[in-house]
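One structure below.
None of the figures in this text is laboratory data; all of them are computed from the coordinates on show. Keep in mind it's a predicted model, so treat the numbers as computed, not measured. Note that we place each Cβ from the backbone using ideal geometry, even for glycine, and neighbour counts take in every protein chain shown.
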């Protein structure tokens with residue numbers, strides 16, 4: 001079977017980091033999303049601010065945005081700010097690549113239809129389960145609850 005996840009890199013990362021993120025995205029698509037694919041854009045704060053402003057009417061950079069597909073084999077697209085990921089990783093004491101993975105998992109769960117603001121903790125529990133399974137540090141929803 002072909003690739004389920006595609007990553008577009010608009011910001012420079014090392015070949016090792018790109019390879020690691022591609023493998024992680026495939027794992028998320030295969031395991032977390034049960035074979036459903038997605039596309040992920042790794043970009044910077046400027047483009048994230050533009051996307052956030054254009055699509056959600058929030059004029060600031062954010063860490064991850066998810067855009068579910070209306071239908072089709074793929075679940076949709078997400079964008080991740082490497083700039084936000086680096087800042088958040090420093091603040092939480094782990095590597096930037098780990099933060100990108102946390103953001104990708106979070107975005108993938110949103111693409112699968114989960115919404116931590118309305119689902120009475122279901123997405124938080126799923127994110128926590130997958131975060132532990134995938135060996136990731138504390139996730140976004142857990143950090144927001146502190």
Discussion item. Suppose we keep just the DSSP beta bridges with both residues in the chain; what percent of those would be antiparallel, to 5?
Written reply: 30 percent
Worksheet item: If you average the sequence gap of Cα pairs under 8 Å that are 6 or more apart and divide by the length of segment 1-60, what percent do you get for the contact order?
Response: 38 percent
Worksheet item: Counting alpha carbon pairs within less than 8 Å and at least 6 residues apart, what relative contact order, in whole percent, applies to segment 26-146?
Response: 21 percent
Worksheet entry | Given [x] 19, 18, 18; [y] 23, 17, 15; [z] 25, 20, 13, the label whose value is semi-axes √(5λ) of the Cα gyration tensor in Å derived from this model | [x]
Worksheet item: When a footprinting reagent is the concern and you count Cβ atoms within 10 Å, what order do 67, 55 take, fewest first?
Response: 55, 67
